[in-house]
1. With each label point set 7 Å from Cα along the Cα-Cβ vector, what nm distance links Lys321 and Asn338?
2. Given the rule -39500 (n - 2.57) for each run of at least 4 DSSP H residues, summed and divided by the residues of the chain, what is its mean residue ellipticity at 222 nm, to the nearest 500 deg cm²/dmol?
3. Taking the 0 to 90 degree range and rounding to the nearest ten, how far is the long axis of helix 290-308 tilted relative to the main principal axis of the chain, both from C-alpha atoms?
4. Which percent, nearest 5, of DSSP beta bridges in segment 97-340 are antiparallel?
5. From zero outward in steps of 10 Å, how is the percent of C-alpha pairs of segment 18-92 spread across the bins?
6. Can you tell me the FRET efficiency between Ala251 and Thr56 if r is taken as the Cβ-Cβ distance and R0 is 56 Å, rounded to the nearest 0.05?
7. So how far apart, in nm, are the two label points at Thr122 and Lys155 if each is 7 Å from Cα heading toward Cβ?
8. For segment 224-293, state which chymotrypsin sites (Phe, Trp or Tyr not before Pro) are in a DSSP loop and have at most 11 other beta carbons lying within 10 Å of their beta carbon.
Amino acid sequence: MQLLTLATLLPLALAAPVIQPRGVQLIPGNYIVKLKAGASESTLQDAIRHVKTGSTKHIYRAGRFKGFAAQLSPQVLDTVSKLSEVEYVEQDAIITTQESVTQTDNVPWGLARISHRATGATSYVYDESAGEGTCSYIIDTGIYVAHTTKLFAVKVLDANGSGTISSVLAGIDFVASDAAARSAAGECPNGSVANMSLGGGKSTAINSAAAAAVSSGVFFAVAAGNSNDDAKYYSPASEPTVCTVGATDVADARAYFSNYGAGVDVFAPGVDVLSSWIGGVDETNTISGTSMASPHVAGLGAYLLGLLGPKTPAELCQHLKDTATVGSITGLPSGTVNALVYNGNAEE
């Protein structure tokens, strides 16, 4: 009798966990199915066959992140979660840009700040090789630190700055796949970088996808978040393999909104930063947010790859930390690194 009871319960014990990401608006009936490491294309297709035709929204194939996003009924969700090749299922949710807009007319002081050790500089000093031989992927934001890098826009959010976890995963999947193809073709011999100025509550799927893209060789700079909270509660900021960026103001104080904590790798200018804007090729706006800080680091990453040559994502993030201006930032909670990124201006 005991043996029969155990056998009856065994399928339940083997079911993959169904995760609900923290602090976000969940989308009813929509899920992301992540397969176990090493899953083959045939395994992926076998899993998709359990889903109703037409309900699959995205298929993820790049790097180590294999899976799909689909609309699943409770019955199909139960079936899919019990497939032996499934690692976990996560409910899809809304995700947004990490920004708050202001209406001032400042010059781009952030570029000047990261090319000088001391605050108050007004000139941007850089090497002319900036970003040469690199590819930069902008996941719904902009980069302008590396002038000669090849830029690629990856749109995953709508005009209101809102999207879904599944669409963000599709963007990450594209970046990993496209960067690998361009690297193989010799288009980006010094490496590739990506910027993610978006985020939400902690998501296992987003962190897994970002980690897979990083493992394929793409450096990711991500916004720490604008909740004045510990970054460990947010994604992709909480993923250890990305380079997580907090925001500072013109006086080198931590921006009042910037997330913090042990998971933040570096800080960069993120208050009253001049940015391109909607409405025309010459339109600009001045924006505040960690969404403005992370592009400084993504662009600086491309700049350094062009200047120094290829580095792994981990080596590049460590270089940024090792060469940062230390001790200049005020208003940091305990346990948060005091490191403001610096481009290594040869004139200083």
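Each reported figure results from applying straightforward, stated rules to the coordinates on display, with no laboratory input. What you are looking at is a predicted structure, and each value in this text was computed from that prediction instead of being measured. Positions of Cβ are generated from backbone atoms using ideal geometry, with glycine treated the same way; all protein chains shown enter the neighbour counts.
1. A separation of 1.7 nm, rounded to one decimal place.
2. Calculated mean residue ellipticity at 222 nm is -8500 deg cm²/dmol.
3. 80
4. That works out to approximately 35 percent antiparallel.
5. All Cα pairs, binned at 10 Å, distribute as 21, 57, 21, 1 percent.
6. Calculated value: 0.65.
7. 3.9
8. Nothing satisfies the criteria.
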